[in-house]
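First comes the structure, then the notes that go with it.
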Amino acid sequence: MSPISVLLVIIVAFLAGMEGILDEWEFHQPLVACTLIGLVTGHPSEGILLGGSLQMIALGWANIGAAVAPDAALASVASAILMVIAINGGSDPTEAMTTSIAVAVPLSVAGLFLTMVCRTIATAMVHGMDKCAENDDMAGIERWQIVAICMQGARIAIPAAALCFIPGDAVTAALNAMPDWLSKGMEVGGGMVCCVGYAMVINMMATKEVWPFFALGFVLAAISQLTLIALGVIGLSLAFIYLGLKEYAKQNGGSGAVSSGDPLGDIIDNY
Amino acid sequence: MAEEIQEKGIHLTKQDRLAVCNRHQYLQGSWNYERMQNGGWCYAMIPAIKKLYPNRDDQIAALKRHLEFYNTHPYVSAPVIGVTLALEEGRANGEPIDDVTIQGVKVGMMGPLAGVGDPVFWYTVRPLLGALGASLALGGSPLGPILFFVLWNVIRLAFLWYTQEAGYRAGADISKDLSGGKLGKITEGASILGMFVIGALVERWVTISFKPVVSTMQQQAGAYIDWSTITGDAEGIKSALTQYAKLGANGLDQMKVTTLQQNLDSLIPGLAAVALTLFVCKLLKKNVSPIVIILALFGVGIVGHLIGLL
């Protein structure tokens, strides 16, 4: 990689690291991070493909409360860098991509560990803020906040910088040394792992009431003409219809059961 | 004296509120295990504190007050900071609002709102936009990441600003509204949409394909293309294509091979995927770490491939 590429990669990694904690601009999402890394290293199309694949795996990864999800930032940045190095070193792009997807998962665990370390260090930083508050030092509080964010950026930027200096032939040699059964098997496993993210989402939202909607989405998706946008429209409509009907039922139930909301039933009752 | 202050009245301008909104984006920057988002919250409040409290002691008290424990979803925190701005403004203008009220409103709002923000943003909007962008990206289109990035941030920025303003206008009243039906409805609607889309994603993107061959059947004459009669010229190609259009993929060979996967697909496509997903749901509920499950799935993939099952 050229020095400029390396510099740009480090900047992208820094942004991804910041966003890994801030969760605002979403630079840490694989779709964005891998595309940017691909772009600054001259492999935009491979970056987009890798980003798309990893995004599918990472869809349900979210930080809830104090619990931290697998770290998408390190996974996307580091695996994109490894892919680029491998391609530059002469590996087959498709093969490099498959392997990068496989290494992304252990990387996300490593990232998790780094996140926990940073969050612990941040505890000391807010004690620094407490001291500043006692002295009415607002600039000091601001400084601590910026330092904390930069620490999160460095969490990804430093490993990324280190990876940039791994020689391409070493990565390629490692790739080539990987037996066929391992890479093919990883590919098969890669097809399954996205279900973990989905399962996390399901567990968060599932109630008895909403399971039928899961079933509907599942069977309707088999109609391949329906794009994701079309499916989104169906889902949204179902939500509105369901909530509307529920509201209607509640109003009728609340008004002292004068009407059962069923004209035919009323006629029969009054007959 | 109090009346005098009220007449003068210190008010937060739109500029001040924009400054707070801008800083509020860094809410989680100093996320820590002790008081979670407190540092970012205080950082966001600083422009308002500077404006409302000219007095040094008041400033110190305000800074300390806003370094208390705080944690919620980073976007739905916007209405909370809006309400807090209104309360602080009232306090600075002499209304009897004490520390307990302010902390109470913050804590009272952050819980229920986090319950809305997580399903709406992390579990509905982001998977939805992410899946949309990713499916475009997998087709090689740069539109995928661009669409995801732009749509997400437009929604996010609009939400941060408008709900902060709504909170600021509503003042303390908004916290009364929290237990009301509106928030519950939003959460419910989001869960319906989310579950529907997740169902679709499981079918589309979880790929399990069972390789074992269930049956190999000799097909009757006429059910397959008799390649020995096909000539090598254009006429032969035409004849082969015509037959193929009629017979379909099964007509390519004399032997009809049915894999386990084809049998399963004729029941309902994606059955194995949904079964696996529900199994993982169970495991997660039993507190098996997602990382362990992911690594195990790679293991299953490798073993399955080795023994020819997958």
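Values quoted throughout were computed directly from the atomic coordinates according to the rules given, and no laboratory measurement underlies them. Predicted model, so just to flag it, every value in this text is computed and none were measured. With ideal geometry, Cβ positions are generated from the backbone for all residues, glycine too; neighbour counts draw on all protein chains shown.
Taking R0 as 51 Å, what FRET efficiency do you get between B:Thr258 and A:Ile166 from their Cβ-Cβ distance, rounded to the nearest 0.05?
That gives a FRET efficiency of 0.60.
Once you have all Cα-Cα distances for chain B, histogram them in 10 Å bins from zero and send the whole-percent values.
Binned Cα distances yield the sequence 5, 18, 21, 17, 13, 9, 7, 5, 3, 1, 0.
How far, in degrees from 0 to 90, does helix B:290-306 lean away from the longest principal axis of the Cα atoms of chain B, to the nearest 10?
Around 10 degrees separate the two axes.
Quick one: order B:Ser30, A:Ser224 by neighbouring beta-carbon count within 10 Å, fewest to most.
Final ranking by Cβ density, sparse to dense: A:Ser224, B:Ser30.
Any idea what the dipole of region B:162-310 comes to, in debye rounded to 20, about its Cα centre with Lys/Arg Cβ at +1 and Asp/Glu Cβ at -1?
Rounded to the nearest 20 debye, it is 580 debye.
May I ask you to compute the full-extension gain from A:Ile241 to A:Gln225, defined as 0.36 nm times their residue separation minus their alpha-carbon distance, rounded to one decimal in nm?
Details: separation 16, 0.36 × 16 = 5.76 nm, distance 2.35 nm.
Value of the extension gain: 3.4 nm.
When only DSSP loop residues count, what GluC sites (Glu not before Pro) in region B:56-159 have their Cβ near at most 16 other Cβ atoms within 10 Å?
B:Glu68
Name the residue from B:Gln243, B:Ser30, B:Leu113 whose Cα lies farthest towards the positive end of the charge dipole of the protein assembly as shown, charges +1 on Cβ of Lys and Arg and -1 on Cβ of Asp and Glu.
Sorting the options by dipole projection puts first B:Gln243.
Run through region A:162-257 and list the trypsin sites (Lys or Arg not before Pro) located in a DSSP loop whose Cβ has at most 13 other Cβ atoms within 10 Å.
Working: sites: A:Lys184, A:Lys208, A:Lys246, A:Lys250; in loops: A:Lys208.
Qualifying residues, ordered by number: A:Lys208.
Whose amide H sits under 5 Å from the amide H of B:Thr259, counting only residues 5 or more places off or on another chain, with H placed in the peptide plane?
It is B:Val214, by chain and number.
Please report how far the C-alpha centroid of region B:257-278 lies from that of region A:206-233, rounded to the nearest whole angstrom.
Centre-to-centre distance over Cα atoms comes out at 18 Å.
Using the alpha-carbon atoms, what tilt in degrees (0 to 90, nearest 10) does helix A:211-220 show relative to the longest principal axis of chain A?
The two axes meet at around 70 degrees.
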